[in-house]
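J.: Sharing a structure here in structure tokens format.
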Amino acid sequence: MFETFTFHSLPPEDEALRPAIRVLAEEAAASLGADQRARSWQGFDAAFSRKLGEAGFLGLTLPRDYGGGERGPFARFVVVEELLTLGAPVAAHWIADRQSAPLILNFGSEEQRRHYLPRICRGEIFFCIGMSEPGSGSDLASVRTRAERTASGWRLNGQKIWTTNAHRADYMIALVRTSGTAADRHGGLSQLIVDLKAPGVTVRPIEDLAGDAHFAEVFFEDAALPDDALIGTEDEGWKQVTAELAFERSGPERIYSSIILLDAWIAHLQKQGSVGEASLRLAGNFTARLATLRAMSIACTALLAQGESPVVEASLVKDLGTSFEQELPAAIANDLAARPDVPVDAELRRALFYVAHIAPSFSLRGGTREILRGIIARGLGLR
Amino acid sequence: MDRTELLAPFERLLESACTPAVVRAIEAGGDAATLWDAIEASGFLDALVPEAQGGAGLALADMAPILIACGRFAVPLPVGDTIAARHLLALRGETPPPGPIRLTGGHAEAAAVGALPAARAQEIRVDGDTPSLHLAALVRAAAIAGGAQRLLDASLAYANERVQFGKPIGRQQALQQQLAVMAEQTVAARIAVEIACAAGLPLSLAPAATAKIVTSTAAPSIAATAHAVHGAIGISAEHDLHLYTRRLLAWRMEHGSEGWWEARLGTERLAANVGSVDWVRAAVTG
Ligand SMILES: Cc1cc2nc3c(=O)[nH]c(=O)nc-3n(C[C@H](O)[C@H](O)[C@H](O)COP(=O)(O)OP(=O)(O)OC[C@H]3O[C@@H](n4cnc5c(N)ncnc54)[C@H](O)[C@@H]3O)c2cc1C
């Protein structure tokens, strides 16, 4: 089972990108405390994203013709791994680089590609994902936001929610109903590129439990969109969104959300004269799992590089990866509080509480644990 | 080397010569010579002996599917051990004794006694933090990965076949979710073994520990899910499930459980003043 999903080394020509991206990532993260670095792909810094674009680190998988690096998924893995493990603020370009650009490349018209892709690669325009709605979370096919044809394009009505960066992005790629009703399920859905500055679009940030506002709700009230807002084929949006989700779920951000905390805890142990057996075992356990998850994430990248859409494999890695990410803060909290005699510095404490509080979201965003296990079960032939 | 090129003949051999009936007969003290001779004749036992010393001179990376297959077929003879032992003896310029060789040591004995009848074999002790012990642990890790694959296949087949409440039990979401986790652990176990095999010989501590920790941690959970899915029939002596679940539990303990290796890997990790991903890249996956 999963015979093509195997250990791969990263190609040396892609490894070669590491020193240069590391310099940029270290620079961007240098002034941030561990709790800020732990926010990594929720840390928004447009200037840093533009800098990455100028240096050629965005759109690495896209053809040169559209401003991309024409390097492929392994190169992107190396760059993304460096950015995440150093805790650089990558939120601004994250979604465009990860999934909007490949979606536009795969399904967009030549004009759409020329219009959006070069600016994504330069870090000039940012995207968000308009899938979830108040009544449609896991049951994504039940979306009710509706686009109707008009003489000049589309009229959009409805609401999206939990849209990461909607209040700071330029465009949303929204999954909407263009024909039929919710009862038609996967039929009659389409994807539209929505200019978030268009009249009739209102964005309201939502504050999270840690006090951050990284997501928002978005209202459409007779928002008028041009004809070419449609991306891909009308009423074929479900197929496109499935391909998009494979990109969304297969990256290393699904194993590294707690990596800054892990490294801060290791540094804390290293400052102690002697480390107890329980802490040593915990460090060993985390290290073995990290090595294996990383190899699995690279195995997923290898499938992307072969042009496949590793839907089931990505779900395997994301479920195992988010479990690891969630166990880290719980186990580290236990370890620290089991040694009340050893002082814990304020920065580590802040990072621990931030990650512990936000950790439940790791297995919600991008598809919940239960939904991913359902996808795996389908892949196993059980449904 | 193409994975399947090596694996296919070895798999065919085990498929016909190491059936569950043969496994049971050998466990019960029956004749092991027929199976052993067939495996010896295949040449795989000298896979890691250098060509100059009459072996096949394969890389450890090529051997991952072979070592895993030993677990998948619950081979009741120390085939992986003998492959490792012949390699270790060749390094010392020694000629291996004929027949099966079992790698033993403080850890191995604890689990082997009483868990599974030990087939008669020569013994070589592997102790301390040495490449020999690392290799012995990898052999067990690979066996767990193989046994896990067999248990997953059997559990999926049974879930699709057994009907309760008018439909196959595999249609129940509660079982689907458990089987999805079992699949995750099974794939992770194999990839952890592939990591260690790719690290090559002499095998260092970090990749061996990674393989043994990930597989040993998964072993009890995988065995438990397999039994949960099978219900009472899986507890019966007549059903083959226990040929694999008992072994998984024993292999987990042999040559160090996850706890033993975690302490060692943790010690090595803490000795280095670098980020975790950098450390993993340097020490585990190369
Ligand atoms: C930090 C964060 C960022 C996000 N960013 C975005 C974004 O940018 N764009 C976007 O569109 N969405 C975004 N989301 C929304 C995310 O996609 C949804 O939270 C997710 O799909 C789950 O939907 P829900 O929250 O409505 O939960 P529900 O679907 O209501 O689920 C609640 C619980 O019920 C379970 N459940 C539901 N259906 C089933 C079933 N069939 N079988 C078993 N269990 C089931 C779920 O697993 C979960 O445990 C974000 C969420 C978070 C937390």
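J.: I'd like the per residue volume of the convex hull spanned by the Cα atoms of segment B:127-268, given in cubic angstrom.
T.: Hull volume normalised by residue count: 97 Å³.
J.: Per residue, what volume in Å³ does the convex hull of the Cα atoms of chain A enclose?
T.: Residue-normalised Cα hull volume stands at 141 Å³.
J.: With an 8 Å Cα cut-off and a minimum separation of 6 or more residues, compute the relative contact order for chain A in percent.
T.: Relative contact order here is 17 percent.
J.: Another question, if that's okay. Let me confirm one metric for peptide A:251-259, namely the mean number of other chain beta-carbon atoms within 10 Å of its residues' beta-carbons.
T.: 1
J.: Using Cα centres only, tell me the gap between segment B:262-286 and segment A:15-30 in whole Å.
T.: 21 Å
J.: Can I ask one more? Plugging the Kirkwood radius over Cα pairs into Stokes-Einstein for segment A:251-379, at a temperature of 4 °C and a viscosity of 1.567 mPa s, what D comes out in µm²/s?
T.: The estimated diffusion coefficient comes to 82 µm²/s.
J.: Shifting gears a bit: Would you mind giving the mean number of other chain beta-carbons within 10 Å of the Cβ of each residue in B:206-214, as a whole number?
T.: Neighbouring Cβ atoms belonging to other protein chains average 4 per residue here.
J.: With springs only between Cα atoms under 10 Å apart, run a GNM on chain B and tell me which of B:E11, B:E262, B:E238 wobbles the most.
T.: Ranking B:E11, B:E262, B:E238 by mean-square fluctuation puts B:E238 first.
J.: How large is ³J(HN,Hα), in whole Hz, for each residue of segment A:55-69 in order, when computed from phi with the Karplus curve 6.51 cos²θ - 1.76 cosθ + 1.60 and θ = phi - 60°, using x for Gly and Pro?
T.: 7, x, 9, 10, x, 4, 8, 8, x, 4, 3, 9, x, x, x
J.: Follow-up question, since we're still on this one. With a 1.4 Å probe and all protein chains left in place, how much accessible area per residue does the protein assembly as shown have, in Å²?
T.: With all protein chains present, the protein assembly as shown gives 38 Å² per residue.
J.: For A:A216, which sequence-distant residues (separation of 5 or more, or a different chain) have an amide H within less than 5 Å of its own amide H, given hydrogens modelled in the peptide plane?
T.: A:W162, A:T163, A:T164, A:N165, A:A166, A:I206
J.: Right, something else. Step through the residues of segment B:152-157 one at a time and calculate ³J(HN,Hα) from phi using the Karplus curve (6.51 cos²θ - 1.76 cosθ + 1.60, θ = phi - 60°), rounding each to whole Hz and writing x for Gly and Pro.
T.: 5, 4, 5, 5, 5, 4
J.: Scan around A:F126 for amide H atoms under 5 Å from its own, H built in the peptide plane at 1.01 Å from N, and keep only partners 5 or more places away or cross-chain.
T.: Correct list: A:D170, A:Y171.
J.: Hey, got the Cα dimensions of the protein assembly as shown along the principal axes, in Å, largest first?
T.: Taking max minus min along each principal axis of the Cα atoms, the protein assembly as shown gives 85, 62, 49 Å.
J.: For A:S250, what residues show an amide H to amide H distance below 5 Å, using hydrogens built from the backbone and excluding near sequence neighbours?
T.: Sorted by chain and number, the residues that satisfy this come to none at all.
J.: Keeping the other protein chains in place, figure out the carbon and sulfur percent of the accessible area of the protein assembly as shown, with a 1.4 Å probe.
T.: The value for the protein assembly as shown is 54 percent carbon and sulfur by accessible area.
J.: Just to confirm my numbers, what's the Cα centroid distance between segment A:345-378 and segment A:174-205 in Å?
T.: 28 Å
J.: Next question. Can you find, among A:A359, B:P131, B:A148, the residue sitting farthest towards the positive end of the charge dipole of the protein assembly as shown, where Lys and Arg contribute +1 and Asp and Glu -1 at Cβ?
T.: Selected residue: A:A359.
J.: At 10 °C and 1.306 mPa s, grab the translational diffusion coefficient of chain B from Stokes-Einstein with a Kirkwood Rh over Cα pairs, rounded to a whole number in µm² per second.
T.: 82 µm²/s
J.: Could you tell me which of A:A29, A:L269, A:L230 has its Cα farthest along the dipole of chain A towards the positive end, charges placed at Cβ (Lys, Arg +1; Asp, Glu -1), taken about the Cα centre?
T.: A:L269
J.: While we're here: If you wrap a convex hull around the Cα atoms of segment A:34-188, how much volume per residue is inside, in Å³?
T.: Convex hull of Cα atoms, per residue: 132 Å³.
J.: Same structure again: Could you state the number of Å between the C-alpha centres of segment B:210-228 and segment B:1-62?
T.: First find each Cα centre; the distance between them is then 25 Å.
J.: Further, regarding this structure: Between B:T95, B:T82, B:T104, where does the largest GNM mean-square fluctuation fall for chain B, given springs only between Cα atoms within less than 10 Å?
T.: Among B:T95, B:T82, B:T104, the largest mean-square fluctuation in the Gaussian network model of chain B belongs to B:T95.
J.: Can you compute 3J(HN,Hα) from phi for each residue in segment A:177-193, using the Karplus curve 6.51 cos²θ - 1.76 cosθ + 1.60 with θ = phi - 60°, rounded to whole Hz and x for Gly and Pro?
T.: Calculated HN-Hα couplings, in order: 8, 10, 7, x, 10, 3, 5, 7, 6, 6, x, x, 9, 9, 10, 10, 8 Hz.
J.: Just the number, please: buried accessible area between B and A, total of both chains, 1.4 angstrom probe, nearest 100 square angstrom.
T.: 3800 Å²
J.: Report the residue, chosen from B:S16, B:S221, B:S204, that carries the largest GNM mean-square fluctuation when chain B is represented by alpha-carbon nodes joined by springs under 10 Å.
T.: So, out of B:S16, B:S221, B:S204, the one fluctuating most is B:S16.
J.: Take peptide B:271-281, look around each residue's Cβ out to 10 angstrom, count Cβ atoms belonging to other protein chains, and average those counts.
T.: 6
The values are calculated or read from the model by the stated rules, or taken from the named source; none is laboratory data. Worth saying up front: this structure is predicted, and the values here are computed from it rather than measured. Note: ideal-geometry Cβ built from the backbone for every residue, glycine included; neighbour counts use all protein chains shown. Calculation scope for accessible area: heavy atoms of the full protein, side chains included, ligands and nucleic acids excluded. Shrake-Rupley method; radii C 1.70, N 1.55, O 1.52, S 1.80 Å.
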